[in-house]
Amino acid sequence: MESLLEVHDLHVSFDTYQGEVQAVRGVSFDVKKGETVAIVGESGCGKSVTAQSLMRLISTPPSRIKSGAILFRGQDITRFTEKEMQQIRGSEMAMVFQDPMTSLNPTMPVGKQIVEGLIKHHKVSRERAWEWATDTLQMVGIPSPESRMKQYPHQFSGGMRQRVMIAIALSCSPKLLIADEPTTALDVTIEAQIIELMKELQKRLGTAIILITHDLGVVAEIADRVVVMYAGKVVETGTVDEIFYRPRHPYTWGLLQSMPRLDQEKSRELRPIVGTPPELIHPPPGCPFVPRCKYAMKICQQEMPDMACPTLSHRVFCWLEHPMAPTVHFVRS
Amino acid sequence: MGKYVLQRVIYMVVTLWVIATFTFFLMHTLPGSPLKNEERLSPELQEQILAEYGLDQPLPIQYVQYFKRLLVGDLGISFYYDGRKVTDLIAGGFPVSAHIGLQAILIGVLVGVPLGCIAALRRGTAVDNAATLVAILGVSVPSFVLAALLSYYVGVVWGILPAGLWGSWKHSILPSLSLSVLVIAQMARFIRTEMLEVLGQDYIKTAKAKGLSQSVVVMRHALRNSLIPAITILGPLMINILTGSLVVEHIFAIPGMGEMFVQSIVVNDYTGIMGVTLFYSLLIIIVIFVIDILYGLIDPRIRIAGVKE
């Protein structure tokens, strides 16, 4: 299948008073048409920065894309001017943010907030755009959309607001939807509804989705492929099955271990990954997971491991993959 | 909405009554008496004059009598400006003060708001620093210093505009300018701070993610949300400027209301003090009311409960 988005060796840094914080350090992955790719990792691993860099929404300064390429439909958007970016933002790629309570303009009726993108990108009349937007609201499952269009965000519940956000994002039928922790701020029942909605709309519109999350439950639910990030780097990528059933990186093992499971015995405690990620002002030369890794070897501290490809879709960055490394098996406890 | 307005109007009347009562009794505790050249008047003459103005009665009686007249809109005769009605004095002075004041507010908002926006958008650059400097100068340089400078240089030395006195519209330019600097400064400061806050909000990112240009994002999404604090300070600022232009009025020799207010206090012109105080109070109460309504227009979340869209 054809690639919609290819990210090659992306570096994003923040210039702070303490120095340069290298939030994203050489991330590469791709997204094919109509598929769902989940980017997972703990807070501060660079997943949100990566996502926002894809739409060039990170504010410059203090942050900047240092190097690398983002090929969207074959064109490198890191070289786009601001004007060119405005052409594709909203129309070709759209974004849903984490907190629906703060992501809508409180002083503007929601209808107007949906309509503005349509008018900007499709050059349609206000009336036509209004009808269109009403249909979109209906599509995301908001009852009596005609009257809801005229209401303000504070008259909607959190889940409803996230539906509005999705309506805004999908109103121009983008090729790529970036969802930055879309369900983190919602309660669990609403979370399930929103995920279900995204799945359904994806099937209908054929939109590719990049889902940023730290919730592995959501990943299992919706993703085709998974990118696991740690300290600004990709440590493992693969299909959902590969990541959940045949994980090869000790960090991925840790993530899976720390996830509660319904079928697990009550007496068994969750196992957190002990320790904290490294400071990204002075990133370590070797694998950033070393201090927290049970299996760390001498070489791990000195050099970043090369990419290993256990299968065509599976990529791992770990010295354990080296032919000379001892064999370690992940046993899910 | 109708119910809310009615409720507010009742509160306004009560507030006005409380202010009037307090002022009435406080005023009578001021040292001195309304009589000029007291020591040169014979006791009989003094009594006669006091009786003529009803000042020989006990205070509670005077209070009742004053309120009786007040209810029919009669503020009495000024003790100081011989034989002239207080209402006439206000009607003469206020339009002048209001003219200068409103112009000053207008200039202040039209210059201050864009200045604050630009400073926020160009944060940390020379433009921002220049705007901040203007704001600091505007807040710290008293308006009368500026008034004197403007009157002297623009009016006398260069002779571009009248240096003082009241007449054509040209006469109002320099006084308005000297008053507007404070408004410009305050507006710019508050808009800048709030704009920076708003630009960091998630919904601004949402707006950008729709592909809107920077100017549309600022004008359509950021500005309106930045206005609340500016509106809040605009009220007191407006009252300050509509009423407190005494010094500036003095420098430009303008027959405004500021002069009258101070004069009436200095000479114990009881009816004058009461009249001006009540008038100012009414003005303040109305401005506050209007601002409360404005909040709702700007931010739908502040709209009065129970009001349907």
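Checking the structure you have, find out if any residue of the range B:20-33 is on the phi < 0 side of the Ramachandran plot, surrounded by 12 or more Cβ atoms within 10 Å (Cβ to Cβ) and at pLDDT below 80. Within the range B:20-33, one or more residues are on the phi < 0 side of the Ramachandran plot, surrounded by 12 or more Cβ atoms within 10 Å (Cβ to Cβ) and at pLDDT below 80. Within the span defined as the range A:214-222, every residue fails to be more than 20 Å from A:Thr184 (Cα to Cα) and of a type outside the set (A, V, I, L, M, F, W, C).
Of the strands (runs of 3 or more DSSP E) lying entirely inside the range A:29-143, those containing at least 3 residues that are farther than 28 Å from B:Ser215 by Cβ and touching a Ser or Thr at 6+ places or on another chain (Cβ under 8 Å) are A:36-40, A:63-72. Considering the range B:26-52, and only residues there that are free of Cβ contacts under 8 Å to residues at least 40 places away in the same chain and assigned to a loop (DSSP other than H, G, I, E, B), the residue that is farthest from B:Val266 (Cα to Cα) turns out to be B:Ser42. Please go through the range B:166-207 and pick out each residue that is under 13 Å from B:Val248 (Cα atoms) and either over 21 Å from the mean Cα position of the chain (by Cα) or of a type in the set (Val, Ile, Thr) (or both). B:Ile173, B:Val181 - these are the residues of the range B:166-207 that are under 13 Å from B:Val248 (Cα atoms) and either over 21 Å from the mean Cα position of the chain (by Cα) or of a type in the set (Val, Ile, Thr) (or both). Being farther than 19 Å from A:Gln22 by Cβ, of a type in the set (D, E, K, R) and touching a strand residue (DSSP E or B) at 6+ places or on another chain (Cβ under 7 Å) holds for only one residue in A:Arg271, A:Arg248, A:Arg261, and it is A:Arg248.
Quick grid of which residues meet (1) surrounded by fewer than 15 Cβ atoms within 10 Å (Cβ to Cβ); (2) over 30 Å from B:Ala230 (Cα atoms); (3) touching a residue at least 12 places away in the same chain (Cβ under 8 Å); (4) touching a helix residue (DSSP H, G or I) at 6+ places or on another chain (Cβ under 9 Å):
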residue: B:Ile90; (1), (2), (3), (4): no, no, yes, yes
residue: B:Ile100; (1), (2), (3), (4): no, no, yes, yes
residue: B:Gly108; (1), (2), (3), (4): no, no, yes, yes
residue: B:Gly116; (1), (2), (3), (4): no, no, yes, yes
residue: B:Ala126; (1), (2), (3), (4): yes, no, no, no
residue: B:Ala130; (1), (2), (3), (4): yes, no, no, yes
residue: B:Ala135; (1), (2), (3), (4): no, no, yes, yes
residue: B:Ala148; (1), (2), (3), (4): no, no, yes, yes
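If the condition is being within 14 Å of chain B (Cβ to nearest Cβ), touching a Ser or Thr at 6+ places or on another chain (Cβ under 7 Å) and part of a helix (DSSP H, G or I), then the range A:144-166 contributes A:Glu146, A:Met165. If the condition is being among the hydrophobic types (A, V, I, L, M, F, W, C) and within 8 Å of chain B (Cβ to nearest Cβ), then the range A:102-112 contributes A:Leu104, A:Met108. For the range B:186-199: of the residues being surrounded by 24 or more Cβ atoms within 10 Å (Cβ to Cβ) and closer than 25 Å to A:Gln113 by Cα, which is farthest from the other protein chains (Cβ to nearest Cβ)? Ranking the qualifying residues of the range B:186-199, first place goes to B:Arg192.
Tally up the residues in the range A:64-101 that are away from chain B (no Cβ under 14 Å) and on the phi > 0 side of the Ramachandran plot, please. Qualifying residue count for the region: 3. The set of residues from the range B:53-68 being in a helix (DSSP H, G or I) and more than 27 Å from the chain's Cα centre (by Cα) comprises B:Leu59, B:Pro60, B:Ile61, B:Gln62, B:Tyr63, B:Val64, B:Gln65, B:Lys68. Listed conditions (1) crowded, with 18+ Cβ neighbours inside 10 Å; (2) closer than 26 Å to A:Phe97 by Cα; (3) more than 10 Å from every other protein chain (Cβ to nearest Cβ) are all met by B:Ser215, apart from (1).
Find the residue count for the range B:114-141, including only residues that are under 16 Å from B:Thr193 (Cβ atoms) and within 19 Å of the chain's Cα centre (by Cα). Summing the residues that are under 16 Å from B:Thr193 (Cβ atoms) and within 19 Å of the chain's Cα centre (by Cα) in the range B:114-141 gives 2. Which numbered condition in (1) in contact with a Cys (Cβ under 9 Å, 6 or more places away or on another chain); (2) part of a helix (DSSP H, G or I) is the only one that A:Lys199 fails? Here A:Lys199 meets the rest and fails (1).
Every residue, every condition in (1) within 14 Å of chain A (Cβ to nearest Cβ); (2) surrounded by fewer than 20 Cβ atoms within 10 Å (Cβ to Cβ); (3) farther than 30 Å from B:Arg123 by Cβ; (4) not polar (S, T, N, Q), yes or no:
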position: B:Ile184; (1), (2), (3), (4): no, no, no, yes
position: B:Gln201; (1), (2), (3), (4): yes, yes, no, no
position: B:Thr206; (1), (2), (3), (4): yes, no, no, no
position: B:Arg224; (1), (2), (3), (4): yes, yes, no, yes
position: B:Ile228; (1), (2), (3), (4): yes, yes, no, yes
position: B:Ile241; (1), (2), (3), (4): no, no, no, yes
position: B:Val248; (1), (2), (3), (4): no, no, yes, yes
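Checking each residue in the range A:122-131 for being of a type outside the set (A, V, I, L, M) and over 28 Å from the mean Cα position of the chain (by Cα) picks out A:Lys123, A:Ser125, A:Arg126, A:Glu127, A:Arg128, A:Trp130, A:Glu131. Among the residues making up the range A:167-191, those that are in a helix (DSSP H, G or I) and touching a residue at least 24 places away in the same chain (Cβ under 8 Å) are A:Ala167, A:Ile168, A:Ala169, A:Leu170, A:Ile190, A:Glu191. Here A:Asp187 does not qualify as facing chain B (nearest Cβ under 10 Å) and either modelled with pLDDT of 85 or more or more than 19 Å from the chain's Cα centre (by Cα) (or both). Does B:Thr23 satisfy the condition of being closer than 19 Å to B:Ile77 by Cα, outside any loop (DSSP other than H, G, I, E, B) and out of contact with any Pro (no Cβ under 9 Å at 6 or more places or on another chain)? Yes; evaluated as a whole, the condition is true for this residue. Evaluation of A:Thr102 against the conditions (1) in contact (Cβ under 8 Å) with a residue 12 or more places away in the chain; (2) within 24 Å of the chain's Cα centre (by Cα) shows that the sole unmet condition is (1).
Reported count of residues in the range A:290-333, each being under 17 Å from A:Tyr230 (Cβ atoms) and in contact with a Ser or Thr (Cβ under 7 Å, 6 or more places away or on another chain), is 1.
Residues of the range A:140-156 that are surrounded by 15 or more Cβ atoms within 10 Å (Cβ to Cβ) and closer than 18 Å to A:Ala129 by Cβ: A:Val140, A:Ile142, A:Pro145, A:Arg148, A:Met149, A:Gln151.
The values are calculated or read from the model by the stated rules, or taken from the named source; none is laboratory data. Everything numeric here is computed off the predicted structure, so don't read it as measured data. Ideal geometry is used to build each Cβ from the backbone, glycine not excepted, and the neighbour counts take in all protein chains shown.
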